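Worksheet: one structure, shown below.
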Amino acid sequence: MQSAKQRLSWVVPLVLAFIFVLLYFTFGSSRQALLVFSAVPLAAIGGVFSLWLRGMLSVFLRGGFYSLVWNCSAQWSGADEFLQ
């Protein structure tokens, strides 16, 4: 487990930097790349917050958001390879 944490400590920033570079080459602007890069986590936070405000944040919805965030973070960081 310690070696996985050590490996993830450098893999995650490397993958995030690579994603940002790909977005930069796609859009040709660091401002647009940063906008797209930050949209996914902010959308998840906004979704949870809006459901919480309306009082609709049930256990099932929490589980759905947890699995969504876990799948996204595992795919972005390459953690799914370590879990198999």
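The values are calculated or read from the model by the stated rules, or taken from the named source; none is laboratory data. Remember, it's a predicted structure, so these values are computed and weren't measured experimentally. Neighbour counts are summed over all protein chains in view; Cβ atoms, including those assigned to glycine, are modelled from backbone coordinates with ideal geometry. Side chains are part of the model used for accessible areas, which takes the heavy atoms of the whole protein and leaves out ligands, DNA and RNA. Shrake-Rupley method; radii C 1.70, N 1.55, O 1.52, S 1.80 Å.
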Heavy-atom SASA rank of 19, 45 (probe 1.4 Å, accessible area, largest first): 45, 19
Heavy atoms of residue 11 accessible to a 1.4 Å probe, total area in Å² rounded to 10: 30 Å²
Spin-label model distance (nm) - residue 16 vs residue 34, 7 Å beyond Cα toward Cβ: 1.5 nm
Length released on extending from residue 9 to residue 57, taking residue separation times 0.36 nm less the Cα-Cα span: 14.1 nm
